[in-house]
Amino acid sequence: MKKETETTEVTEETTGAGVIAPIVATAAAAFTFWWLGKYSVICERDIIGTAITVWCAVLIRVLMLVSKEEAE
């Protein structure tokens, strides 16, 4: 007696925006670091912290936008 089982494959599609999000976030953080380094009087540690915060904020925002577009 032969038993047959049916399998289904689930593939995940990677959107272009999902790939671009870290790149955009890195560019925004690098620009923030450069701009603050050039025009700011705050110390370097604060500039690095601000650049990291900007990176996280941009990454989260782009990923939220991608998630919203996929839901529609």
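No lab work stands behind these numbers, since they all come straight from the coordinates. Just so you know, these numbers come straight off a predicted model, no measurement behind them. Here the Cβ is made from the backbone with ideal geometry for all residues, glycine too, and neighbour counts use every protein chain on show.
Structure notes:
- For the range 26-71: rounded, prolate or oblate by the Cα gyration tensor [a/c cutoff 1.5]: prolate
- Efficiency of FRET between VAL41 and LEU63 - r from beta-carbon atoms, R0 30 angstrom, step 0.05: 0.35
- Charged-residue dipole, Cβ positions (Lys, Arg, Asp, Glu), the range 26-71 about Cα centre, Debye nearest 20: 80 debye
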